[in-house]
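Undergrad: Handing you a structure now.
Just so it is clear, none of the values below were taken in a lab; they were calculated from the coordinates. In this text the structure is predicted, and so the values were computed from the model without any measurement. Note: ideal-geometry Cβ built from the backbone for every residue, glycine included; neighbour counts use all protein chains shown.
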Amino acid sequence: MRSSLCEEMNSAPPKQIELQRVRLRQVAIEDAESIYEYGSDPIVARYTDWVCRTSIEPLIESIRAREGRWGEGDDYSWIIATLDDNRAIGGLRCKIEADAAEIGFLLNRRFWGHGYAGEAASAVVDWVFTIPNIYKVWATCDTENAASARVLEKLGFEREKILLKAIVRPQISTEPRDAYLYARRRHNAQ
């Protein structure tokens, strides 16, 4: 098994992060039912770049693949879980490439509006900036996804530009849609 850039830099990704109101932890097969609950919700999946879940079996395969990617490289997925019962209420992904990292997050809509996505994303961004060669963390969101844009802005991300006809959002259209590109650089890391 090859070592990841993070391991080479002695900044291995934390498998679990205890936060004030939620915990981040590695995804597990036991999370499939909870992930399916929000992954099959067309309102939650509206701005995703994957098709809304209609069956749990492909999700289980996806979880297995994510577990494998954690050990093979620089693509990490965490579950956002409740502190009391450790139930998956969302997910957060971080993909590291060269001197930058991309993040993305998703949350069960029953938990929207409480700051959980921001709390979780902030912890991952803080970890990413411990990797010496990373100078930028970036994310995209659909230009109509005001809630995700607000989360990124609260985290100190700046809107850099609009990516025209950049990402297909299958729940909305088969045509690529415009997306905002947000970034936060080490020099403006909080």
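Undergrad: Label points 7 Å out from Cα along the Cβ direction at residue 51 and residue 167: separation in nm?
TA: 2.0 nm
Undergrad: Same structure, new question: Among 91, 156, 115, which one shows the biggest mean-square fluctuation in a GNM of the chain, springs joining Cα atoms closer than 10 Å?
TA: Largest GNM mean-square fluctuation: 115.
Undergrad: May I pose another question? Straight-line reach from residue 165: which lysines fall under 29 Å, measuring Cα to Cα and dropping same-chain residues less than 8 apart?
TA: 95, 136, 154
Undergrad: Need one number: nm distance between label points at residue 109 and residue 178, each 7 Å from Cα along Cα→Cβ, rounded to one decimal.
TA: Result for the modelled spin labels: 2.5 nm.
Undergrad: A further question on this structure: Just to confirm my numbers, what's the Cα centroid distance between the stretch 20-38 and the stretch 78-103 in Å?
TA: 9 Å
Undergrad: Using a Gaussian network model on the chain with a 10 Å cutoff between Cα atoms, which of 98, 120, 32 fluctuates the most?
TA: The residue with the greatest mean-square fluctuation here is 98.
Undergrad: When the helix-only estimate is applied to the chain (DSSP H runs of n ≥ 4, each -39,500 (n - 2.57), divided by the residue count), what is the mean residue ellipticity at 222 nm, nearest 500 deg cm²/dmol?
TA: -8000 deg cm²/dmol
Undergrad: Related question: Charges at C-beta only: +1 for Lys and Arg, -1 for Asp and Glu. How large is the resulting dipole of the stretch 1-150 about its Cα centre, in Debye rounded to 20?
TA: Once rounded to the nearest 20, the dipole reads 280 debye.
Undergrad: From the Cα gyration tensor of the stretch 5-133, with a ≥ b ≥ c the square roots of its eigenvalues, which class applies: rounded if a/c is under 1.5, or else prolate if a/b is larger than b/c, or else oblate?
TA: prolate
Undergrad: Could you work out the relative contact order of the chain, using alpha carbon pairs under 8 angstrom and six or more residues apart, expressed as a whole percent?
TA: Once normalised by length, the contact order is 21 percent.
Undergrad: Show me, for the stretch 60-65, the HN-Hα J-couplings you get by feeding each phi into the Karplus relation (A = 6.51, B = -1.76, C = 1.60, θ = phi - 60°), rounded to Hz, glycine and proline as x.
TA: Working through the residues one at a time gives 4, 5, 4, 4, 4, 5 Hz.
Undergrad: A follow-up question, please. When the dipole is taken about the Cα centre of the stretch 75-178, and only Lys, Arg (+1) and Asp, Glu (-1) are charged at their Cβ, what size is it in debye, to the nearest 20?
TA: It comes to approximately 280 debye.
Undergrad: Toward the positive end of the charge dipole of the stretch 5-133, about the Cα centre and with charges on Cβ (Lys, Arg +1; Asp, Glu -1), which of 71, 131, 58 goes farthest?
TA: 58
Undergrad: Per residue of the stretch 97-112, in order, report the coupling 6.51 cos²θ - 1.76 cosθ + 1.60 (Karplus, θ = phi - 60°) as ³J(HN,Hα) in whole Hz, putting x for Gly and Pro.
TA: Karplus-based 3J(HN,Hα) across the stretch 97-112 equals 9, 6, 9, 9, 9, 9, 10, x, 9, 8, 9, 3, 5, 5, 10, 5 Hz.
Undergrad: Indicate the gyration tensor shape class of the stretch 103-190 (rounded, prolate or oblate), computed on the Cα atoms with a ≥ b ≥ c the square roots of the eigenvalues: a/c under 1.5 is rounded; otherwise a/b larger than b/c is prolate and the rest oblate.
TA: Taking the square roots of the gyration eigenvalues as a ≥ b ≥ c, the stretch 103-190 is oblate.
Undergrad: Test of understanding: ordering 125, 168, 22 by Cβ neighbours within 10 Å, fewest first, what list do you get?
TA: If I rank by nearby Cβ atoms, fewest first, I get 168, 125, 22.
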